[in-house]
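The values are calculated or read from the model by the stated rules, or taken from the named source; none is laboratory data. Bear in mind the structure is a predicted one, so any value in this text is a computation, not a measurement. Note: ideal-geometry Cβ built from the backbone for every residue, glycine included; neighbour counts use all protein chains shown. Surface accessibility is based on the protein's heavy atoms, side chains included, excluding ligands, DNA and RNA. Shrake-Rupley method; radii C 1.70, N 1.55, O 1.52, S 1.80 Å.
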Amino acid sequence: MISYIWDNYFRKDSAERNELEVLRNCYLFETLSKKELRFLKETVHVRTYRPGEIVFRQGELGIGMYIIVRGAIEIFIETNTPETPSDATLFVTRLVSGDFFGELSLIENNSRRTATAIASEETSLIGFFKPDLMDIVDRQPATGVKILMRLGEVLGRRLKETTLKVSELKRELKRLGEKTP
Amino acid sequence: MKPTARQLELRRLNRLRLIGIIVILITLLVIILAVENLLVSSLLAFVIAYLLGPLVNYLERNGANRVGATVLVFAAAAIVLALVALGVFPYIGNALAGLQTEAPKYISGFSKLTQDGENRFSEVLGPISNSIHPTQYIESTLTSWTQNFFDQLPKFLKQFFTVMLLGPFLAFFMVKDGRSILRNLLGIVPNNTFEAALSLLHQINQQVGSFVRARLLEALIVGFVTWVGLALIQFPFAILLGVFAGLTNLIPYIGPVIGFVPALVIGLVNGLSSVDLALLILVYLIAQVIDVVFLIPVVVAKIVDLHPVTVIIVIIAGSQILGVLGMIISIPVAATLKVTIGTIYRHVTESRA
């Protein structure tokens, strides 16, 4: 049920691609020209993770997003409610090459990660962070605007999906309430 | 989520990598401190990079590529500096030569002033003051200082030109390749501390950049106002005193007082009338009023606040380690340390919150 937030609606294909291709095919950067993509590639950070290595932990401060170049990332949510044991974790989804996650931290101030991301195999990620975005906006504002427009679209889409899901759950709750004598 | 055995092993490897990076950074720091002129050149390079970086970004925003924009800005800055040097150096040279010739006059004049003071002191206190003879001590100290200053001048000029060549050279590469150098440096940071390190570097860069630009602009305006004011009242060595007032203004609290002392000594020795003395004080007061009323609230608002006691301790420590240069750079260094420690502390506490 929770996986709809993390599912990538913008996935192109799962084949392994090199970093520039991954950036070109990422929904956020689709509108960028070749020159702008090369500039972006000089700005982002490529990180490699071993199987089982944590990319980020739920509740940690986050400053940006990751795009999967190769490998896979599993997303978990830790449920520390009174009803569940403190160490209970809920598997949410598995993301593969071309998918991206953590984009909310790019614009939110003092953003905290809402889930834990763990590499499930040897994984290569492109990290794109707030200082990088600010640098692009400062040095190439036109490129920055293109990225921000797409980022707005992605966040809008996530919000729309969340609103739909909340409405659905409310209807479900109402229906259950009516059934209960 | 409990860490698995593999994750614990990865954590251990990450810790080792972090220790490796700290060792590399400490080694770099030791090299900078050990190699002659490298510390001052690096500091100058940072100052130049923080000043010219925004201009390069501006050109890049308007379509220029990074390399071209950096070359253009540095070339323009070099031409402007060369023109200023051509105009100002002969003037400063003449002023220094004049000062060297007239130094004995000022020392003896100053000694006469202290002698007069001592005589008056004796008249009031009588035999008690016979054991106190400050004039002789002041005269010998001032003579030795002046002698040392002019003896050390060729060595100082050699160091000055080395730093003036090395500083801009380092600054050029800092502006042109700074981002890729930082990116490569961040590349060796372990995954678990990478985001924190990037965020920390960004915050330090922003705050130190604003700090350096604001303080230099403040010093430039105070120096310029002092120079113009002294020139208007036709006071000798106006440009030298203006440059000195601007530089000493970088030292908080006591800087403006230090900046005023040479002008006061020159004025007293030349036997200024009370009106001229009032005008001299007025020039320095106007410069300080402009600084306190306009520059500090508007331009220097981003400066990190340090407690007055901390400032005094830091200045004394700076002067003990690096002399006058230490006094000037002690506050920016302390402010940088405060920002760094504060950011690391915030990151650690907020991450655990």
Could you identify the single residue in B:Leu217, B:Leu185, B:Leu165 that is within 14 Å of chain A (Cβ to nearest Cβ) and open to solvent by 60 Å² or more (accessible area, probe 1.4 Å)? B:Leu185
Quickly run through the stretch B:222-243 and pick out the residues that are touching a Phe, Trp or Tyr at 6+ places or on another chain (Cβ under 7 Å) and at pLDDT 90 or above. B:Thr226, B:Gly242
I'm told A:Gln140 meets every condition in (1) facing chain B (nearest Cβ under 10 Å); (2) free of Cβ contacts under 8 Å to residues at least 60 places away in the same chain; (3) closer than 30 Å to B:Asn62 by Cα except one. Can you identify the failing condition by its number? (2)
Of all residues in the stretch B:60-74 being more than 10 Å from every other protein chain (Cβ to nearest Cβ) and of a type in the set (A, V, I, L, M, F, W, C), which is surrounded by the fewest Cβ atoms within 10 Å (Cβ to Cβ)? B:Val67
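Just a yes or no: is a residue in the stretch A:110-130 without any contact (Cβ under 8 Å) to a residue 24 or more places away in the chain and more than 15 Å from the chain's Cα centre (by Cα)? Break it down stepwise before answering.
Applying the first criterion (without any contact (Cβ under 8 Å) to a residue 24 or more places away in the chain) to the stretch A:110-130 yields none.
No, there is no match, as no residue in the stretch A:110-130 is without any contact (Cβ under 8 Å) to a residue 24 or more places away in the chain and more than 15 Å from the chain's Cα centre (by Cα).
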Hey, does the stretch B:72-84 have a residue that's of a type in the set (A, V, I, L, M, F, W, C) and outside any helix (DSSP H, G or I)? no
Quick one: is A:Pro82 at pLDDT 90 or above and either on the phi < 0 side of the Ramachandran plot or within 11 Å of chain B (Cβ to nearest Cβ) (or both)? no
Of all residues being more than 7 Å from chain B (Cβ to nearest Cβ) and not in a loop (DSSP other than H, G, I, E, B) in the stretch A:43-54, which is nearest to B:Asn14 (Cα to Cα)? Just the residue, please. A:Thr48
Name the residue, out of B:Gly246, B:Gly271, B:Gly229, B:Gly255, that is buried (at least 17 other Cβ atoms within 10 Å of the Cβ), small (Gly, Ala, Ser) and over 28 Å from B:His307 (Cβ atoms). B:Gly229
When you scan the stretch A:62-78, how many residues do you find that are more than 20 Å from A:Val22 (Cβ to Cβ) and open to solvent by 10 Å² or more (accessible area, probe 1.4 Å)? 4
Inspect the stretch B:65-78 for any residue being under 30 Å from B:Asp151 (Cα atoms) and not aliphatic (A, V, I, L, M) and give the result as yes or no. no
Only residues that are among the hydroxyl-bearing types (Ser, Thr, Tyr) and either modelled with pLDDT under 90 or open to solvent by less than 70 Å² (accessible area, probe 1.4 Å) (or both): list them for the stretch A:130-181, please. A:Thr143, A:Thr162, A:Ser167, A:Thr180
So in the stretch A:91-129, with the set limited to residues that are open to solvent by 40 Å² or more (accessible area, probe 1.4 Å) and touching an Asp or Glu at 6+ places or on another chain (Cβ under 9 Å), which one is modelled with the lowest pLDDT? A:Asn110
Those helices (runs of 4 or more DSSP H) lying entirely in the stretch B:220-333 with at least 1 residues more than 30 Å from B:Ile204 (Cβ to Cβ) and under 17 Å from the mean Cα position of the chain (by Cα): B:238-248, B:255-269
Exactly one of (1) at pLDDT below 90; (2) polar (S, T, N, Q); (3) more than 24 Å from B:Ala5 (Cα to Cα) is unmet by A:Thr31. Its number? (1)
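So which residues in the stretch A:18-53 are of a type in the set (Ser, Thr, Tyr) and without any contact (Cβ under 8 Å) to a residue 24 or more places away in the chain, if there are any at all?
A:Ser33
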Take the stretch A:125-137 and flag every residue that is more than 8 Å from chain B (Cβ to nearest Cβ), within 14 Å of A:Leu23 (Cα to Cα) and not aromatic (Phe, Trp, Tyr). A:Leu125, A:Ile126
